[in-house]
Structure formats: C-alpha cells, structure tokens
Amino acid sequence: RKDTPLTWLQAAELVAKSSGHARNGYASEQAETYTRLLSECVEGLEELRDVREGKVDSPVRRGELAAFLCRVAGIAPVSEVAIRFLDMPHTHWAAKWIEPLYRRDLYEGIWHVNFQPEAFVPRKELTLMMDRLFDPFRNLK
C-alpha cells in the first residue's frame with residue numbers, strides 16, 4: 001500500500017529499479033542486489049548501524065533516507081548546514097544529507113517549516129523522490 005511505511009529492503013528495491021541498479025533475473029538474485037546496494041550505501045554511516053547489521057526489515061525514517069539517497073545518487077553531504085526546520089536542529093546528524101536534496105528540490109519538508117526526520121517513509125513519498133531524482137528530462141530547461 002502506498003501509505004504503509006517502507007522497510008529498508010523495499011526501499012532498496014524501489015531505488016535499484018529506479019536507478020538502473022536492478023537487473024532482470026531470479027528473485028533470489030534481485031534480493032541479493034538490493035541487499036548489496038544497501039550495504040554499499042550505508043557503509044561508514046554510524047547512524048544506520050541497524051541496516052549495516054542486516055536489519056533490513058526495519059522501517060525507513062525520513063532522515064535516514066536522505067543519507068541513503070545521496071549515496072545512491074553520488075551527492076555529497078554539505079559541510080555547513082544552512083537550511084532550518086522548526087522541528088530539526090541544524091546540528092541533527094541527517095541535516096548535512098537533507099540539505100543537498102532539499103536544494104535540488106528532491107526532498108521537501110512538511111509545509112516547508114518542519115522536516116520530521118524520525119517519521120517513517122511511505123511508498124508514495126519515495127516513489128515521488130525517485131521520479132524527481134532519476135528523471136532524465138528534469139535538468140533540461
């Protein structure tokens with residue numbers, strides 16, 4: 001369902017299919033691809049320790065997703081955070097990952113004043129982000 005919180009494995013599947021990381025093949029090969037993508041993208045991120053330890057059935061939170069998506073898309077985190085949300089201090093660990101996505105109009109706050117970094121990510125939110133992130137015509141103006 002589109003409003004159900006995504007697990008890490010489900011998020012990795014959507015991202016892999018959207019970004020071209022997924023290949024046609026057997027289901028077991030696909031699951032291995034998704035798990036490998038997750039492992040590569042969360043490597044070194046202490047805040048995503050549960051995912052690194054194989055807890056891929058846990059739900060994805062908005063702040064965590066920002067770091068994962070930046071890694072998948074090759075977008076570097078900012079060194080100094082300029083954006084401000086009322087519910088998230090600029091010192092929050094995910095702020096440096098959220099800002100580059102926000103500046104590219106890929107990730108939005110809630111009513112542009114809150115971000116809710118601990119909220120779970122539903123399928124519809126990630127689907128919209130994948131459409132924006134991997135749209136080949138997006139940057140043609």
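The values are calculated or read from the model by the stated rules, or taken from the named source; none is laboratory data. Quick caveat, the model's predicted, so the values are computed rather than measured. Positions of Cβ are backbone-derived with ideal geometry, glycine not excepted, and every protein chain shown enters the neighbour counts. Each accessible area value is taken on the protein alone, full model and side chains, heavy atoms only, with ligands, DNA and RNA left out. Shrake-Rupley method; radii C 1.70, N 1.55, O 1.52, S 1.80 Å.
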Hey, any idea what Rg/Rh is for the chain, computing Rh the Kirkwood way over Cα pairs?
0.95
1.4 Å probe accessible area per residue over the chain, in Å²
59 Å²
Nitroxide proxy distance, nm - points 7 Å out along Cα→Cβ at Ser79 and Asp57:
4.3 nm
By how many degrees, between 0 and 90 and to the nearest 10, does the Cα long axis of helix 123-133 differ from the longest principal axis of the chain?
80 degrees
Taking protein heavy atoms only, a 1.4 Å probe, and rounding to whole percent, the accessible area of the chain owed to carbon and sulfur comes out at 50 percent
For the chain, with +1 on Lys and Arg beta carbons and -1 on Asp and Glu, the positive-most of Phe85, Thr33, Leu106 along the dipole
Leu106
Over the chain, what is the relative contact order in whole percent, taking alpha-carbon pairs under 8 Å and six or more residues apart?
30 percent
Quickly estimate the mean residue ellipticity at 222 nm for the chain, helices only: each DSSP H run with n ≥ 4 gives -39500 (n - 2.57), and the total goes over all residues, rounded to 500.
-13500 deg cm²/dmol
Suppose R0 equals 22 Å; then what is the FRET efficiency for Glu40 and Arg123 from their Cβ-Cβ distance, rounded to the nearest 0.05?
0.45
Rounded D (µm²/s) - the stretch 25-105, Kirkwood Rh over Cα pairs, Stokes-Einstein at 25 °C, 0.890 mPa s
179 µm²/s
At a probe radius of 1.4 Å, what is the per-residue accessible area of Lys2, in Å² to the nearest 10?
130 Å²
